[in-house]
1. Could you check the stretch 76-95 and list, in sequence order, the residues that are in a helix (DSSP H, G or I) and out of contact with any strand residue (DSSP E or B) (no Cβ under 9 Å at 6 or more places or on another chain)?
2. Among Leu39, Leu50, which is the only one that is in a helix (DSSP H, G or I) and touching a residue at least 40 places away in the same chain (Cβ under 8 Å)?
3. Quick one: count up the residues across the stretch 1-36 that are open to solvent by 40 Å² or more (accessible area, probe 1.4 Å), at pLDDT 95 or above and within 27 Å of Leu110 (Cα to Cα).
4. Can you tell me how many residues within the stretch 134-152 are open to solvent by 20 Å² or more (accessible area, probe 1.4 Å) and at negative phi?
5. How many residues, within the stretch 307-347, are within 19 Å of His105 (Cβ to Cβ), out of contact with any Ser or Thr (no Cβ under 9 Å at 6 or more places or on another chain) and acidic (Asp, Glu)?
6. Kindly list the number of the only condition in (1) over 16 Å from the mean Cα position of the chain (by Cα); (2) assigned to a strand (DSSP E or B) that fails for Thr200.
7. Look through Arg304, Arg330 and report the one residue that is basic (Lys, Arg), farther than 27 Å from Gly229 by Cβ and either in a loop (DSSP other than H, G, I, E, B) or touching a residue at least 60 places away in the same chain (Cβ under 8 Å) (or both).
Amino acid sequence: MQARWAVGLMTGTVLDGNIDVALLRTDGVSVESFGQYALKPYDETTKQLLIEALEQAQSWQFSPEEPAVFAEAEARLTLAQAAAVQALVNEAGLSMQDIEAVGFHGQTVLHRAPTAGARGATRQLGDGALMARTLGCTVVHDFRRADVMAGGQGAPLSAIYHQALLASLGADSSTAVLNLGGVANLTWTDHDGSLIAFDTGPANAPLNDFITRLGLGEMDRNGELAAAGTVDEERLQQLLQHPYLVQAWPKSLDRNDFTASMADGLTAEDGAALLTAFTAAAVGKALDLLPERPSKLIVCGGGRHNPTLMQALCRRAAPMCERAEMQGWRGDAIEAECFAFLAMRALQGLPLSFPSTTGVGRPMSGGVISQPDH
């Protein structure tokens, strides 16, 4: 396939109220060029519906009857994200006829990793058929279900895109990619093409929830609270005994597997300091699980904007931690770009997940393809 324009969409579990939307020119194997990127905010009604859907998902737990809020939230977010795609394409001076496919991740409301003898489960809100009809364009969606149904973790799916980005730099096994969203995930590859990826632990979700519950905003902006606090090292070491952190890869997390309760009873400053240190130290433990411990992390995702977290990573994980922009990448756009890349792979039946990334039995493609006339 020739390189064509694709659009990728992502809204993470951190629920910052924004739609990440990015243009990428790619053949699904390598990246020819980066296109326009934007954050398009949800309206307040849609944002509140998504928050309610996430809350109700915790009691739903994949029972047969879904909460009624899912359908309403799904329709609203689909139309909001379709509008974001159309706006970005217009801003880039293109038309929908120039777009080969839209990669529509949707909003994860619940993700359960497989256990011994039991498959996992995953639910992303997003109506790909509705988006295809609305935009008049091919839409690839529901990226995780096929992997989960085949016994995989369903996450992380970003590994094959991270590998393409690392290849464009000529990077070797001393460098890994770390994404800091609601959950943190790591991608490592070597000169033989081995590809390993897994969730390391929490990233922004527990810290943001902690700050929100205290009524101090939606995040520890610029890491200011954590910088003013003191890490309770004894409590941190207790938290680091969590069995997930030494579990062999592949492995994945739901945003609520590690929560703000880790900082219960602490002041805002000390709680923020503890949660920030825990995220970084969990990454450090994850690096110990790799065949070769990388000395450099290229950091993408919203967490890279937190200088206190970046400093903690250098102290507790790897000696060199660089923001993605230092490599000419767009750190805020990478997850959205990833789903543009995965959409182009899905159209060709190329694998999206692998035994060493999600634990699926064999490399496999995924995603549901919706055409505008169906």
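1. Residues of the stretch 76-95 in a helix (DSSP H, G or I): 76-91.
Across the stretch 76-95, the qualifying residues are Arg76, Leu79, Gln86, Asn90.
2. On the way: Leu39 fails: in a helix (DSSP H, G or I).
After applying the criteria, what remains is Leu50.
3. 0
4. Keep residues of the stretch 134-152 that are open to solvent by 20 Å² or more (accessible area, probe 1.4 Å), which gives 134, 136, 138, 141-142, 144-146, 149-151.
Subsequent filtering for residues that are at negative phi retains 134, 138, 141, 144-146, 149-150.
The number of residues fulfilling the criteria is 8.
5. The total comes to 1.
6. (1)
7. Numbers: Arg304 fails: farther than 27 Å from Gly229 by Cβ.
Every option except Arg330 fails the conditions.
The rows are residues; the columns are (1) modelled with pLDDT under 95; (2) more than 24 Å from Glu55 (Cα to Cα); (3) buried (at least 23 other Cβ atoms within 10 Å of the Cβ).
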position: Leu236; (1), (2), (3): no, yes, no
position: Gln241; (1), (2), (3): no, yes, no
position: Tyr244; (1), (2), (3): no, no, no
position: Thr267; (1), (2), (3): no, yes, no
position: Leu274; (1), (2), (3): no, yes, yes
position: Gly284; (1), (2), (3): no, yes, no
position: Asp288; (1), (2), (3): no, yes, no
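The values are calculated or read from the model by the stated rules, or taken from the named source; none is laboratory data. Predicted model, so just to flag it, every value in this text is computed and none were measured. Neighbour counts run over all protein chains shown; Cβ positions are idealised from the backbone, glycine included. SASA here: full protein model, heavy atoms, side chains in, ligands and nucleic acids out. Shrake-Rupley method; radii C 1.70, N 1.55, O 1.52, S 1.80 Å.
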